1. Using a 1.4 Å probe over the heavy atoms of the protein chains, calculate the carbon and sulfur portion of the accessible area of the range 122-231 as a whole percent.
2. Determine the order of Glu426, Glu120 by accessible area, beginning with the largest, at a probe radius of 1.4 Å.
3. Using only alpha carbon pairs under 8 Å that are at least six residues apart, calculate the relative contact order of the chain and give it in whole percent.
4. Please go through the range 286-382 and write out the chymotrypsin sites (Phe, Trp or Tyr not before Pro) that DSSP classes as loop and that have at most 16 other C-beta atoms within 10 Å.
5. What 222 nm value per residue comes from the helices of the chain, counting each DSSP H run with n ≥ 4 as -39,500 (n - 2.57) and dividing by all residues, nearest 500 deg cm²/dmol?
6. Counting only the heavy atoms of the protein chains, how much of Ser73 is accessible to a 1.4 Å probe, in Å² to the nearest 10?
7. Can you give the FRET efficiency to the nearest 0.05 for Ala95 and Gln126, using r as the Cβ-Cβ distance and R₀ = 35 Å?
8. Only loop residues by DSSP count here, and only those with at most 10 other Cβ atoms within 10 Å; note down the trypsin sites (Lys or Arg not before Pro) in the range 231-293 that meet that.
Amino acid sequence: MGWGRGRWGLSRWRVLLAAVLCLAAGLPPATAQDNGRYVGVATCAGSTCHGRAEGNGAVVRQDEIATWQEPSSPAGAHSRALSVLGSLRGRQIAATLGMGDPSSEPACLGCHATFAPVAERGPRFQLSEGVGCESCHGAAGGWIATHYTTGGSHAANVAAGLTPLEDPQTRAKVCLDCHYGSANGNQFVTHRMMAAGHPRLVFELDLFSALQQHHDEDADYAQRKGRTDSVTLWAVGQAEAVRRSTNLFARPGFGTEGVFPEFTFYDCHSCHRQINDGPQRRLTFETNPARPIPFGQPPFNDENIIMLSAVSRVLAPGQADSFEAASREFHRAMGEGRQEAAGAATKLSGAAGSLSDALARSGGADAFAIIAAIADRTTSPRFTDYAGSSQAVMAVDTLLNALVRQGRITVGAAAGIRTDINNAYEAVRSPESYNPVRFRASLGQAAGAIGKLQ
């Protein structure tokens, strides 16, 4: 029947070419049995693929593995995720929780490794690689052999199982699985874990994406996937964080711990404050105008809710009031009972999801306006706690960088107001030294300095 385009067709020629390239790289070609399987980092590490020492590839950099393995930079954090379980702190946390070796505990491996089911692991898969390529890009068995073939397309790779991380909502959901928690199993940091020594989780999608970026958004990338809009990415990240946190809180298996609520959802520093007895009482907290909760009740950690409220007024004004109402109702319900709070959380999660959809379609907007909204008289009084304030200064810095990338502000001009940004960071340098009044003043000065650059 010959070797032309007859019954073989172009698709089989591409599979043959892929097999030849795999063999040239020292990798076994994918088979039908590999579809949907986790093939491991080694399968991506050939010198003709992503394993070069220098990023000089014609289409992609091809040094992505080296970036992922960077020994000390944030870009290498995923590859180091498993090894930290064996550190002194990791062993102490496990011992306090009554666990065995944390490097073999599912509750830890769910986020500190690509914890694929045993039946779905290919022959080159190694759990010891930590958080590998497939944690973010998806099980590669179905697309590893075709994603670099001549004439292949990104859409075809996605159809074969590649995770479309260029989509802000998809990326946020993937990152939040570990950087906030998921209901998928073994991906949820409880208050017990934090009490034992696990760090408090902090998430901001655009900043984390920049720290973990292993590629260049050149003309080829733009042609295949489009350009990333940092404002959209940041905004969608806030919306998806609210959707995820309230969705998990509404679930009985996550929202409660015995007779107590699961305190991982609450603002840590509203309780973890100094307590001093004296002849005159001294309040160690400020009441928050957007939290209609009983005086002295620990508040839900609303750092992302505050940011989403601000950005919705700029990018989705038609939904801003309804989201704000759902937020206030959620806080109010927290003072009534578990059933009322769970119902209000479900409604707030839905409102955040609707905002996420709107923000993903918005195409970005004027970052100047969003920075102003974060520091204006509507939002600023809500910065009464450390977590929300930390999120705010990260947002202002992220949006300033977006303005530089857009060419709206020069690098020199941004550097000229770095002192103001650093002052805001200094105000949230540690929970122990946090002062709400000083922070709000510092944030206002930084936002004002940025506004003058318009």
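1. Numbers: 2650 of 4880 Å².
For the range 122-231, the apolar C and S fraction of the accessible surface comes to 54 percent.
2. Values: Glu426 95, Glu120 75 Å².
Of Glu426, Glu120, the descending order of accessible area is Glu426, Glu120.
3. Numbers: 629 pairs, mean separation 56.8, N = 454.
Averaging sequence separation for qualifying contacts and normalising by length gives 13 percent for the chain.
4. Working: sites: Phe295, Phe300, Phe323, Phe330, Phe368; in loops: Phe295.
Passing both the DSSP loop test and the Cβ count: Phe295.
5. Values: 22 runs with 227 residues, N = 454.
-15000 deg cm²/dmol, from helical runs alone.
6. About 30 Å², rounded to the nearest 10.
7. Values: r = 26 Å, r/R0 = 0.75.
Once the sixth-power term is evaluated, E becomes 0.85.
8. Working: sites: Arg243, Arg244, Arg273, Arg281, Arg282; in loops: Arg273, Arg281, Arg282.
Taking the range 231-293 and a limit of 10 other Cβ atoms within 10 Å, the loop trypsin sites (Lys or Arg not before Pro) found are Arg281, Arg282.
The values are calculated or read from the model by the stated rules, or taken from the named source; none is laboratory data. What you see is a predicted model, and the numbers here were worked out from it, not measured in a lab. Cβ atoms come from the backbone with ideal geometry, glycine included; neighbour counts cover every protein chain shown. Remember, those area values only see protein heavy atoms, side chains included, never the ligands or the DNA or RNA. Shrake-Rupley method; radii C 1.70, N 1.55, O 1.52, S 1.80 Å.
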